[in-house]
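Trainee: Have a look at this one.
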Amino acid sequence: MTSFEVQGLSSSSVVSNEAPSATFFIALLAMGLGSFAIGVGEFVSMGLLPEISSSLSISIPQAGRTISAYALGVVIGAPLLAIFSTGRSRTRMLVVLIALYSLGNIASALAPNYEAMLALRLLSGLPHGTFFGIASLVAASLAPSHMRTRAVAYVMLGLSIATLAGVPIATALGQWLGWRAAFVLVGGIALVSAVCIAKFVPYEPPQVGGRVVDELSMFTNRQVWITLGIGAIGSGGLFAIYSYVKPTLMSLAGLTEMGVPFVLALFGAGMVTGNIFGSRMADRDLLGTIKRCLIWSMIVCAVFALVAPNLWLACVTVFCVGTVVVIGPAVQIRLMDVAGKAQTMAAAMNHSAFNFANAAGAFLGGLVIDAGLGYAATGWVGVLLSMAGMGMFYWMIIDARRNPELIGSAGADPRTGEATS
């Protein structure tokens, strides 16, 4: 028995010889395609700000606010659409959400002015968190008991592949044919995903007895809030480094403009690697993997701060920083275990938490740079945020041991929130 196998804190999954079917992997691929579309749609604006600025006759900082509008949409949409999803078929909701995402991006491509673009990017962000939340629940419910984290990670793999290949391709398309073409591409991919989900993801009937009050119970569950805090704070270091990796390596390590896509691809490759291999670790030892991921984040962030002036060592470290992303699926599974009947709300809010991590990491990284501490100091920001995440982790463990009644259902069924054993 591990140190975490106490009072609903089991850190390992049930051993099973159950083999997943081909239908299972096709369903994950269909949802992963939606994940890919959202990943491209979220990040492609960052590489097209000059084009958007020129086309809409606004400044680049103003164009940058369209990114903030999207992030605001994610935060607003997660709880509202989670409530709307209560008592409805999760598979049908997936189709509706990704179809809305498609519509929002195609509409963004048609935006006639800055004000319309801001509004349409906010609307595009609304389905983001709830899509990922419900897709995670559906993936976990389809998976054999020993593959829950891997199932969620495979859906999230679309985000990593978007970072690795989708965003550079869409950015190049936007620079070649105009920024509007990039959003049309995102809308098209999302629409294909909607068709594939409708066809290949097994139908899940509406949850019997699903009530809005059950979903709202998440807001009074301290274990859910602490778990969300692990992701919102502990993964902030990842974003503190990633947000400034281009100017950091260009100013300190002599990276050329032509080398930037290679470095970004390394980060994306690290994300893919972390999702694939880290999720296997989490299926064997969930809480242990969250703890080790936070320790690993401290190490790689510190190393980045020290080796940033050395281009080759910095590139290797950027790859390692990308692997920290596995904390997302691991935290998602932990939320399923503690959320009780608030499964959809907790799962959707997880993605609001990671958007908070993105914003907080970038903000704090910018503060230390503006304070004159240098670009490499973003690594030390990452160390501090990872340490804070570790503090949240131990708070979660201590709180669960002292208050076992706060555990919704360890090993809960993602469909119902009820215990599986």
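The values are calculated or read from the model by the stated rules, or taken from the named source; none is laboratory data. This one's a predicted model, so the numbers in the text were calculated from it and none came from an experiment. Don't worry about glycine lacking a Cβ; one is built from the backbone with ideal geometry, like all the others, and counts go over all protein chains shown.
Trainee: Which one of ALA165, ALA143, ALA139, ALA170 is within 19 Å of GLN332 (Cβ to Cβ) and either modelled with pLDDT under 90 or in contact with a Pro (Cβ under 6 Å, 6 or more places away or on another chain) (or both)?
Mentor: On the way: ALA165 fails: within 19 Å of GLN332 (Cβ to Cβ); ALA139 fails: either modelled with pLDDT under 90 or in contact with a Pro (Cβ under 6 Å, 6 or more places away or on another chain) (or both); ALA170 fails: within 19 Å of GLN332 (Cβ to Cβ).
Answer to the check: ALA143.
Trainee: Related question: Residues of segment 307-326 being at pLDDT 90 or above and in contact with a Ser or Thr (Cβ under 9 Å, 6 or more places away or on another chain), which ones? Steps first, answer last, please.
Mentor: So the first thing to find is which residues in segment 307-326 are at pLDDT 90 or above, and the list is 307-324.
Within segment 307-326, VAL307, ALA308, ALA314, PHE319, VAL321, GLY322, THR323, VAL324 meet the criteria.
Trainee: Could you check ALA282 against (1) within 15 Å of VAL331 (Cβ to Cβ); (2) surrounded by fewer than 20 Cβ atoms within 10 Å (Cβ to Cβ); (3) of a type in the set (A, V, I, L, M, F, W, C) and say which number it fails?
Mentor: (2)
Trainee: Which residues, counting only those in segment 341-369, are in a loop (DSSP other than H, G, I, E, B) and buried (at least 24 other Cβ atoms within 10 Å of the Cβ)?
Mentor: Kept after step one, since they are in a loop (DSSP other than H, G, I, E, B), are these residues of segment 341-369: 341-342.
Hit for segment 341-369 is ALA342, nothing else.
Trainee: Here's a follow-up. In the set ILE241, ILE197, which member is outside the structural domain of ILE397 (by TED's automatic domain parsing) and under 27 Å from ILE169 (Cβ atoms)? If you could, list the steps in order and put the result at the bottom.
Mentor: On the way: ILE241 fails: outside the structural domain of ILE397 (by TED's automatic domain parsing).
Just a single option satisfies the conditions, and that option is ILE197.
Trainee: Could you list, in sequence order, all residues of segment 319-328 that are over 22 Å from LEU80 (Cα atoms) and either assigned by TED's automatic domain parsing to the domain that holds GLY133 or surrounded by 24 or more Cβ atoms within 10 Å (Cβ to Cβ) (or both)? Reasoning before the result, please.
Mentor: First, the residues of segment 319-328 that are over 22 Å from LEU80 (Cα atoms): 319-327.
Answer for segment 319-328, where residues must be over 22 Å from LEU80 (Cα atoms) and either assigned by TED's automatic domain parsing to the domain that holds GLY133 or surrounded by 24 or more Cβ atoms within 10 Å (Cβ to Cβ) (or both): VAL321, GLY322, THR323, VAL324, VAL325, VAL326, ILE327.
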